[in-house]
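**Student:** If you scroll down you'll find the structure; I have some questions about it.
Here, each number is a calculation from the coordinates, and none is a lab measurement. A quick note: this is a predicted structure, and the numbers were derived from the prediction, not measured. Here the Cβ positions follow ideal geometry from the backbone for every residue, glycine too, while neighbour counts run over all protein chains shown.
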2 protein chains.
Amino acid sequence: MQTLNVALGERAYPIHIGENLLSSGDLLLPHLKRKQVAIVTNTTVAPLYLEKIAQPLRDAGVAVISVILPDGEQYKNSATLGLIYDALLQNRCERGTTLIALGGGVVGDLTGYAAATYLRGVPFIQVPTTLLAQVDSSVGGKTGINHPLGKNMIGAFYQPQVVLADTLTLDTLPDRELSAGLAEVIKYGLIRDADFFVWLEQNIGRLLVREPQALAYAIHRSCVNKAEVVAADERESGERALLNLGHTFGHAVENGMGYGVWLHGEAVAAGTMLAADLSRRMGWLSDNDILRMQKIFDTANLPTKAPALGIDVYLGLMGLDKKVVDGKVRLVLQQGIGKAVVTGDYPAQLLRETLQSIEHA
Amino acid sequence: MQTLNVALGERAYPIHIGENLLSSGDLLLPHLKRKQVAIVTNTTVAPLYLEKIAQPLRDAGVAVISVILPDGEQYKNSATLGLIYDALLQNRCERGTTLIALGGGVVGDLTGYAAATYLRGVPFIQVPTTLLAQVDSSVGGKTGINHPLGKNMIGAFYQPQVVLADTLTLDTLPDRELSAGLAEVIKYGLIRDADFFVWLEQNIGRLLVREPQALAYAIHRSCVNKAEVVAADERESGERALLNLGHTFGHAVENGMGYGVWLHGEAVAAGTMLAADLSRRMGWLSDNDILRMQKIFDTANLPTKAPALGIDVYLGLMGLDKKVVDGKVRLVLQQGIGKAVVTGDYPAQLLRETLQSIEHA
């Protein structure tokens, strides 16, 4: 087991990464304020892992309730959030009750937001069971829900007490979701860790066959990268925005296609290639950089072509994004592999050419 | 104009108290991150004060949108919160948009919570237009909404940039709401400021006829008291709970009668007398203390008798309260005028006798 400490001012917490951590109550018990937990999970994950985590806690005298949500990005909304509140209130959960998020990013975001807002804040623990959640939502404290007019529009910054990233849970992950998680792993290489990108080019095959050591290494290194960025900029005023490489385009893809049609990681991969295309048009990326990116995404079975939604649809959807400052859409662009910048200073015409290239592909 | 600085660690903000502050854009402009505001108010306050505050801002080049909510405690819910989010998103409000809460406690709580959660947090300013909101919700950062199963169950701690308490807005306040606000003013005297209680006994008549100097003094002294408590205990782990004198009983009254039938301050007055009755049974308050309390509430036109809901209804409603720790209902009780304590250490039989006394009254 590897442990990484995420230091965020007065709030710091450990991430434990390894095999078969779920059933070790010892990793959770020291972090409970009282012996009362509510495990929030979904219909897919519950049959696989709910009892694995609940039983050792019960054995240690912890009162455990569970809240089982429908599975899917389309349920990351205020109605599902209401189901969590209802269950907590019906069970008279108090301020010392710890919420445990057992599942992927949707469960983590919903549960974290419920924890941030139930009784104005109760403790919370993340047990991410997808690669995406392990490398992304386990660091940074972003929680929230979607709104019909935009993704992640409602939310809070709220840090967990501890994160358990159990590589065994990835064994049951569908191939498509494993690939979607790899999109975010690759992103860390692209924005700030060229050596990691080279490691990924050499080891992507080991990750695809779910070799535990390779997975643990990639998760750990991804979390280290994310933690460094977040620690420097907890509230996303500056460097943290780099983590959104591919996300402005990607959110437009997810939103334009209807939430849930494309997986988040798939949209990010295609969005990253759009950002790369714009970066290349600006002279910041070489044709060879583009080829390396294309190749690693292809190998990871990720889409590199965005869907043809029409230029105006893209621009409209991108305009609603949180990264808008004074009406100007700021984008994360690359200046080589391993270096990204946030800028609103690109020719609008080149952005149109990039979006045009989708339609003509 | 008097100014009080509320110091809360890294977050500090001023409260300006005085006559005719609303139309002075100068007090607001320095606190705007960008020249974009969304004023959230209700159908009662909008015709009286919306333009008074909006016009000077527009004159200074600020883009102003307004969100006008239905008026009433029964609208402090997730549906009304959704109206604010919808308006912000439809107007493409960004992270630099400041939300201004113009109204009473319901508008303040809803708007503060919307500000805490829209795009994971945007700046917010309070312009409370009721006495209750000026002396209570303007200090402490509590924001939130009700849930069908309990009051203020969903929320966040979130501090404003600045508070304007304009005594002129109290001129249009219905008598009943002025009295409800006085319940909270009197509370500060009861829990920690015996001298202020004596001042109130001597000056309650001046407050009832809305003499501006007396109002400003009472608002200022109330806010000083609350700020001292909150600064010592921002997250309500200890002393801050004293501010809930009368509230556990009072919430049961509000909830049991149906939100909106009793005003919050009315329920707090009756609840305070219930807490005082229990304190007297424990030998902590004298008969004379009770008479003084009875008299000041009577003079302020506040109810001192709680409604007969039945003992079990009271106990059930009190059990859902946030102040429950490990299943035991902790109450704020008095040990004399000017001194309150939080305790779960009272004989259950005496609590039943207190509740019984309502039924036989």
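**Student:** How many percent of Cα pairs in the protein assembly as shown exceed 40 Å?
**Tutor:** Here the tail beyond 40 Å accounts for 37 percent of pairs.
**Student:** What shape does segment B:222-351 take by its C-alpha gyration tensor, where a ≥ b ≥ c are the square roots of the eigenvalues and a/c under 1.5 counts as rounded, a/b above b/c as prolate, and the rest as oblate?
**Tutor:** On the way: a/c = 1.19, a/b = 1.06, b/c = 1.13.
The shape class here is rounded.
**Student:** Can you count the Lys pairs in segment A:2-172 whose Cα atoms are under 19 Å apart, with each pair 8 or more apart or on different chains? Don't skip to the end; give the middle numbers.
**Tutor:** Numbers: A:Lys35/A:Lys52; A:Lys76/A:Lys142; A:Lys76/A:Lys151; A:Lys142/A:Lys151.
Close lysine pairs found across segment A:2-172: 4.
**Student:** Show me, for segment B:37-46, the HN-Hα J-couplings you get by feeding each phi into the Karplus relation (A = 6.51, B = -1.76, C = 1.60, θ = phi - 60°), rounded to Hz, glycine and proline as x.
**Tutor:** Per-residue couplings from phi come out as 10, 10, 8, 9, 8, 10, 5, 7, 7, 3 Hz.
**Student:** Additional query: Can you work out ³J(HN,Hα) from phi for every residue in segment B:84-91, in order, using Karplus 6.51 cos²θ - 1.76 cosθ + 1.60 and θ = phi - 60°, giving whole Hz and x for Gly and Pro?
**Tutor:** Along segment B:84-91, the couplings run 5, 4, 4, 5, 5, 6, 5, 8 Hz.
**Student:** Could you tally the net charge around B:Lys295, taking each other residue with its Cβ under 15 Å from the Cβ of B:Lys295, Lys/Arg +1 and Asp/Glu -1? Please list the in-between numbers first.
**Tutor:** Details: positive: B:Arg292, B:Lys305; negative: B:Glu201, B:Asp287, B:Asp289, B:Asp298.
My count for the surroundings of B:Lys295 gives -2.
**Student:** Moving on to the next point. If you build the Cα gyration tensor of chain B and take the root of 5 times each eigenvalue, what three semi-axes come out, in whole angstrom, biggest first?
**Tutor:** Numbers: eigenvalues 237, 96, 63 Å².
Listed largest to smallest, the semi-axes of chain B are 34, 22, 18 Å.
**Student:** Continuing with the same structure: What Rg and what Dmax come out for segment B:55-137 when only alpha-carbon atoms are used, in angstroms?
**Tutor:** 12.6, 36
**Student:** Can you give me the Cα centroid spacing of segment B:9-36 and segment B:197-223 in angstrom?
**Tutor:** 24 Å
**Student:** Mind listing the label-point distances from B:Pro174 to the same position on all other copies, shortest first, one decimal in nm, points 7 Å along Cα→Cβ?
**Tutor:** 5.5
**Student:** I would also like to ask the following. At B:Gln356, with labels set 7 Å past Cα in the Cβ direction, how many nm apart are the copies from this one, shortest first?
**Tutor:** 8.7
**Student:** Using a label position 7 Å from Cα in the Cα→Cβ direction, what is the ascending list of nm distances from B:Gly72 to the same site in the other copies?
**Tutor:** Output for B:Gly72: 3.7 nm, nearest copy listed first.
**Student:** Let me ask another. Whose amide H sits under 5 Å from the amide H of B:Gln335, counting only residues 5 or more places off or on another chain, with H placed in the peptide plane?
**Tutor:** For B:Gln335, the qualifying residues are B:Ala340, B:Val341.
**Student:** Placing +1 at every Lys and Arg Cβ and -1 at every Asp and Glu Cβ, with all other atoms neutral, what dipole size does the protein assembly as shown have around its Cα centre, in debye to the nearest 20? Walk me through the numbers on the way to the answer.
**Tutor:** Details: 64 positive and 74 negative charges, 74 e Å.
It comes to approximately 360 debye.
**Student:** Something else now. Considering amide H positions built from the backbone, and no H for Pro or chain starts, which residues 5 or more places from A:Ile125, or on another chain, come under 5 Å of its amide H?
**Tutor:** A:Leu99, A:Ile100, A:Ala101, A:Gln161
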